Amino acid sequence: MNVTDIAFWIFAAIAVVSGWRVFCTDSMVRASFLLMLSFIAVGLIMVLLNAPYLGIATVFMMAVEMMVMALFMVMYMMNPAGLNPMMMVHQHRFSIAAGVFVFAALTGLIVVTRFSSNPVAPDAEVVVGLGKELLGDSMLIFETAGVTLLATMVASVILSSRSGRFGEADTGAVPPPLEPGGEPAGRQPEQASGHAHHHH
Amino acid sequence: MLERLAARAPVPLFVAMGRDRAPAVERLLQSADIDVTATPRHASILLVAGRVRDSDQAYLDRIHDQLPHPRATFWWGDEQGDDVDEAQRAASFDDPVISLRALYRNLISGAHASETHRLPDEPPAPWRGKGDHGQGGEGMMGGVPYGRMMPMPPTPDIRDGLALDVYTTQIGPFMPYWPAGLVLEVTFQGDVIQSAEVVQPPYPPRDVDRVPFDRLLHETTALAQIERARAAHHLVCIARLLSLVGLPTLSRRAQILAARVRANETIAIAPLRKAAARSGLTAALAPGLGRIDDRLARELGGPAQRAAGHAIDDRSDNPMYKRLDFTPVTQTQSDCRARLAQWFDEAEQALALVSAAPDAMIGQGALVEAPWALRAPPVDYRLTELLPGLEWSEALLVLNSFDSAALCRMAPLEAP
Amino acid sequence: MALTGLFTIMGTIVAGALLLQWVAARARRDRVVESQKIPFLGGSAPQTHAWQRFHVRYYSMTLLFIAFEMEMMFMYPWAVVYVAEGVKALAEMGMFLAILTVGILYGWREGIFRWQ
Amino acid sequence: MTPIVLTVAWVAFLLGMAWYIAVLDGLWSAAREGRPPRAPLANPLYRCATMLRQQSNLTEAPDLLNWRLAPALYAGLAGTGVALVPFSGASVLADLEVGIVWWGAVEALTVVVVFLHGWSANSQLGLIGAYRYVAIGLPVMLISMFVLIAAALPAESLAVPKIIESQRELWNVIRQPLGLPLFLLLGLSLSFRGPFNYADSADIAGGTAAEVSGAPRLVWEFARLAMLTAVATVAASVFLGGYLGPWLPGPVWLVLKTAAVLLALVGLSHQLARISPSRMMTLIWTVLLPLSFVHLVWAGVLAL
């Protein structure tokens, strides 16, 4: 066992343990950043596999994304810091069954797959290769991804932003009914605008 | 070794500002031997400057307990403190830096014992062993986990209507960059103020700024003295805004200028104004931030009224000022920027008047505009209407764009 | 290996920093009493815990940001082959910047770069 | 053996530079206020001793683990930032092929640890600081990505040593003139100083550090200075040619250039007023980011 092997096992252990702890903590912030830790460990394993760009980019992206996820988790989950302990998992039997099944299926796949033994030379210029690929054969995929991301930007702004060119987005909006043709669900807005002050 | 080094550090000091000590404290803070901290957590000595209202005592005790050990209290110019150790007080006319240093040195070496807590060592509500998990909480949001309730139930936000938790708390009276003495009950969603109610009004204008104007009631007073008091008052107001936008060094320069004006030295404000403009002070105040309507501006009077474009100034009718061709300076926008420009303009104008007529005297009882509006009745437009909808840093800028007289009149106590 | 270097310095500094906090805490044994634990609010005490469903004022901006950033991750490998690929890469950059500019312009028009 | 020697060298460098920044801060404010500085060289040490002697504070039900980890991780991240930079042609601690991508990750993780520091205290002022910081820290990151990608174009590599070698003829600061100023703004933001102090400013009573005292605060303040040093070191390498220079040995050049960049950073942080977070966010997206587009186009056209 050389240093790389030891590092792999350490990162693998971190990835699995922190991924499991995500479901055991009460705090949304801790859950988000435990997930980030898990992803970072996976990213570092990718670096060990001689994919430095993909590995480090994973670390980078996951740090940003889990940060944003933490913002939204705290914003919308009751009791975000978990001051009162709560159960973070639901539908226990179904989840256990699904977990066991997926684990078995993936393990089976690993066992039956014949991985090619075509190791990348340690001095291969993988980042250059990646760049050539992006500007070569995969150009169309890559351009499509670019436009898709633009659509994502526009869509996320439309969905999340209240202010806009055409006035407030939720004017006249009512929640959907629980059964077809029924009463709108949830609390009814008192007035159309959100100018209700909090008095006590 | 560590102790010897620590003892030579500037004294980390948190100031609890009582009434009428502000000018002295401002002088004290210019000493390089003092580090004024923004929070008691960073301080070793709690400086109680001047008299604290009886109703502020509980707040003071809480601040005291928030200082980390080793800690000590120092009373400056508070005549109540006669039963206090000699090492921990100074008369109001003394310069306390030497005493403060000695106290701090002894505190670090252990010769002066660290003070114990003043409030009971109890959680706000008993929680140990209660609730489903023994931490005081019940269900998802109920109970008192670790001694406190969870935030209040959601209400729609006044900006974007999202119904999220609200956080209600009192703030003040010993908050940095906060009108001294003011206690507000503020409701937040995130960092935006949803509502604010006055619990305790701020202190009225400080005695030091009143001296020449009070004297004018009974005797003839030099114009120079009156105008210097005005310039100093305005410079201190400017200094507060300067440190609020992250220019502490320029702020200290403004404080030093104010002290020098009071000491009858000749100073120029233009270099400070230029440095502030170069640093982007005006840009830091968003145009339109803290704009007040015309009615409020007229009711507030003083610089706030002139910043709204009304050239109303008692000095216009005074023969001595008339002879000096005095015309009031005004701005038009009536926002924070305009009030800041008004302070600068009036301070510069005041010093110009001093140099134009260094020996002029104003007759006893003459009507001369004070640095702030003197008309007494409270206005019916309140801070409670000015602050909601503002983000926290904006709210602080708006609060600090008024002088203490205007704040006092906008923050009367609600009738019980 | 590069990771060894990163982990050596990270580990050294983090361990040192934690050790310093621990040693200093052991040297001073005064207990933090309950009244000392009250969060600082200028002398006032809060009614409730501060941890709340905190109203983020820039939520739309963060969503735009994520998409923006993902787009930019393509640019790192692109930068490496830029000189070799020449004009093709330059055109590529035009495409990138056009997409990003449209994203910014749209977000700006909808007013998402302000506190909501 | 070499990683250990280099680690010791870099830690010593960070400590020394932190002291240097603190001294500069003292001198600069004294000069601007027009008073003599107080024991300029020893004052930072005195302050450290004071913090070490102080009790470490707690709040009601804080997230203690993250509260204590955040300052340590922040300092550690600064360490991994400088590790990318070679002292000379041969001695680099972390010879990462994708160095500037890791630097991006350092920026992203910095946002995370600053947020954690403010969140963990369970106090409103800390929360305000933490959330404000995220609003500014995230978009500023984009600017730095553009600037570093522009620097990678002529080098045809994402590794910092290669970027330095590409400057043998001409430093990037001349070739890509907008890069250094934009990167310096990032430095102010990463260590939240002056106009970018949205996390720990005085209007929120110290913000994320409002409830921190004693040794944890010392580590936090050190980490801020270490991060500023890391930014300056990377800036010195990416824009000013790092260890390249005549007559003097490479490491000396690196230290000198870093010290010069730090001087500029300290000056900037004392010189500019802070605007409200909302307007800063608008400014970054609508002015600074388009400016970095222009920068990239400039660098791209020039590199062909």
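Each value in this text was obtained by applying a stated rule to the coordinates, not by laboratory testing. Keep in mind that this is a model prediction, so the values were computed, not measured. Every residue, glycine as well, gets a Cβ built from its backbone with ideal geometry; the counts of neighbours run over all protein chains shown.
Summary table below
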quantity	calculated
Loop-located trypsin sites (Lys or Arg not before Pro) in the stretch D:185-291 whose Cβ has at most 10 other Cβ within 10 Å (DSSP)	none
Length-normalised contact order of the stretch B:38-177 in % [C-alpha pairs under 8 Å, at least 6 apart]	17
Chain B: calculated mean residue ellipticity at 222 nm from DSSP helix runs of at least 4, using -39500 (n - 2.57)	-11000 deg cm²/dmol
Virtual spin-label span in nm between C:Ala91 and D:Ala31, 7 Å along Cα→Cβ	5.3
Spherically averaged projected area in nm², based on the convex hull that wraps the Cα atoms of the stretch C:1-43	5.0
Per-pair calculated FRET efficiency, R0 = 51 Å: B:Leu217 and A:Met88 via Cβ, rounded to 0.05	0.10
Relative counts (whole %) of C-alpha pair distances in chain A, using bins that are 5 Å wide	1, 6, 7, 10, 13, 14, 15, 12, 8, 6, 4, 3, 1, 0, 0
Sparsely packed GluC sites (Glu not before Pro) within the stretch B:218-317, loop by DSSP, other Cβ within 10 Å at most 12	B:Glu219, B:Glu265
Cβ-derived FRET efficiency at R0 56 Å, A:Ser117 paired with A:Ala97, nearest 0.05	0.95
Shape call, the protein assembly as shown: gyration tensor on alpha carbons, a/c limit 1.5	prolate
The stretch B:2-109: relative contact order as a whole-number percent, Cα under 8 Å and 6+ apart	29
C-alpha long axis of helix D:179-190 to longest principal axis of chain D, angle in °	20
Kyte-Doolittle mean at least 1.0 and Cα axial length at least 24 Å: DSSP H helices in chain C	C:2-27, C:87-109
Inter-chain shielding of D:109-120 (mean C-beta neighbours from other protein chains, 10 Å cut-off)	4
Angle in degrees between helix B:57-66 and the longest Cα principal axis of chain B, rounded to the nearest 10	60
Modelled FRET efficiency - R0 45 Å, A:Ala104 with B:Lys130, Cβ distances, 0.05 increments	0.50
Where a label projected 7 Å from the Cα of D:Leu283 along Cα→Cβ would reach, residues of the stretch D:128-153 with amide N under 12 Å	none
Computed [θ] at 222 nm, deg cm²/dmol, chain D (DSSP H ≥ 4; -39,500 (n - 2.57); rounded to nearest 500)	-23000 deg cm²/dmol
A:Asn2-D:Val297 pseudo-label distance in nm [points 7 Å out on the Cα-to-Cβ vector]	4.9
Cα gyration tensor shape for the stretch B:186-250, rounded if a/c is under 1.5, else prolate or oblate	oblate
Nearest-ten-degree value, helix D:289-303 long axis tilted from longest Cα axis of chain D	20
Helix-derived mean residue ellipticity, 222 nm - over chain C, DSSP H n ≥ 4, -39500 (n - 2.57), to 500	-22000 deg cm²/dmol
Violating pairs (Cα-Cα greater than 29 angstrom) within the set C:Lys88/D:Lys162; B:Lys274/D:Lys257; D:Lys162/D:Lys257	B:Lys274/D:Lys257
Rounded, prolate or oblate (a/c below 1.5 giving rounded, otherwise prolate when a/b exceeds b/c) for chain C by Cα gyration tensor	oblate
Principal axis dimensions, largest first and in whole angstrom, of the stretch C:54-116 by Cα	48, 22, 11
GNM result for chain B, Cα springs below 10 Å: residue of B:Ala406, B:Ala180, B:Ala286 fluctuating most strongly	B:Ala286
Residue with peak Gaussian network fluctuation, chain B [Cα springs, cutoff 10 Å], from B:Gln66, B:Gln364, B:Gln342	B:Gln364
Relative contact order (%) - criterion: Cα under 8 Å, at least six apart; region: chain D	26
